[in-house]
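Step one of this worksheet: look at the structure below.
The values are calculated or read from the model by the stated rules, or taken from the named source; none is laboratory data. Here the structure is a predicted model, which is why all the values come from computation and not from measurement. In this analysis, Cβ positions are derived from the backbone assuming ideal geometry, glycine residues included, and neighbour counts consider all displayed protein chains. What goes into the accessible areas is simple: the full protein's heavy atoms, side chains included, and nothing from ligands, DNA or RNA. Shrake-Rupley method; radii C 1.70, N 1.55, O 1.52, S 1.80 Å.
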Amino acid sequence: RVGKADAIMMASAYIGEKNNEKAIEMLQKAYEQHTISTALKVDATFDSLRGDPRFQELLRRMNLEE
């Protein structure tokens, strides 16, 4: 079970491993746990996910559409 603070850190780790599937899964978990930050929109860590429709949907749900 992933703790609240761990979901974003795990997403970053998965991005580093080029595992976008797991990274998106962790970001969605962080969103559900209300631990996701609006920095998601501008943080370069997440640049590799920006073209993923699921990432765009997550931004939309956070009212941060690009």
Across the range 38-57, which residue is least open to solvent (accessible area, probe 1.4 Å) among those that are free of Cβ contacts under 8 Å to residues at least 24 places away in the same chain and part of a helix (DSSP H, G or I)? Ala39
Give all pairs with beta carbons closer than 7 Å in which a residue from the range 24-37 that is of a type in the set (Phe, Trp, Tyr) meets a residue that is open to solvent by less than 40 Å² (accessible area, probe 1.4 Å) and assigned to a helix (DSSP H, G or I); count only pairs at least 6 apart in sequence or on separate chains. Tyr31/Leu58
Based on what the data block shows, is Glu65 in contact with a helix residue (DSSP H, G or I) (Cβ under 6 Å, 6 or more places away or on another chain), open to solvent by 70 Å² or more (accessible area, probe 1.4 Å) and either part of a helix (DSSP H, G or I) or not β-branched (Val, Ile, Thr) (or both)? yes
May I ask you to verify whether Lys18 is over 9 Å from the mean Cα position of the chain (by Cα), in contact (Cβ under 8 Å) with a residue 24 or more places away in the chain and exposed (fewer than 11 other Cβ atoms within 10 Å of the Cβ)? yes
For the range 4-34, what are the residues that are assigned to a loop (DSSP other than H, G, I, E, B) and over 16 Å from Arg60 (Cα atoms)? Lys4, Ala5, Glu17, Lys18, Asn19, Gln33
